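The values are calculated or read from the model by the stated rules, or taken from the named source; none is laboratory data. Small disclaimer: the values here were computed from a predicted structure and weren't measured. Using ideal geometry, Cβ is built from the backbone for each residue, glycine included, and neighbour counts are taken over all protein chains shown.
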Amino acid sequence: MPVELPGEGLVTKGLADLGAEIESIEALLVSIGASRLAELGLAKLERAHTQDLEDVEAMLERGLVEPERALLLHEEIEPLLYRFPAVDAASFRRRVERALR
């Protein structure tokens, strides 16, 4: 008598199904919300590590971040940056403008 194990269907999924699931990750990211992705993009631009800048470029290329939304968000937070002395507001603004315009 065969025994059915929990999750057995997951193990036997074909590679085509797995590929479709991987492609749906972008849809999931978009469903998180454009504002959250814009926030993530700004955080990466502020940190400015090489990988972060490459991530922002990829997010923009894939349409995951709307430049206009990110620029508006930056304009909202810019007056508050004085509270964070480690953030060079002028350099941050230049990075944002360079990446998003």
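Quick check on residue 93: is it surrounded by 15 or more Cβ atoms within 10 Å (Cβ to Cβ), more than 15 Å from the chain's Cα centre (by Cα) and without any contact (Cβ under 8 Å) to a residue 24 or more places away in the chain? Yes. Just to be sure before I move on: is residue 39 modelled with pLDDT under 95, touching a Leu at 6+ places or on another chain (Cβ under 8 Å) and of a type in the set (D, E, K, R) in the structure I sent? Spelling it out, residue 39 is indeed modelled with pLDDT under 95, touching a Leu at 6+ places or on another chain (Cβ under 8 Å) and of a type in the set (D, E, K, R). Looking across region 69-90 at every residue that is touching a residue at least 24 places away in the same chain (Cβ under 8 Å) and not β-branched (Val, Ile, Thr), the one that is surrounded by the most Cβ atoms within 10 Å (Cβ to Cβ) is identified as 70.
Within region 41-68, can you find the residues that are free of Cβ contacts under 8 Å to residues at least 24 places away in the same chain, surrounded by 16 or more Cβ atoms within 10 Å (Cβ to Cβ) and either part of a loop (DSSP other than H, G, I, E, B) or of a type in the set (A, V, I, L, M) (or both)? The answer is 59, and nothing else.
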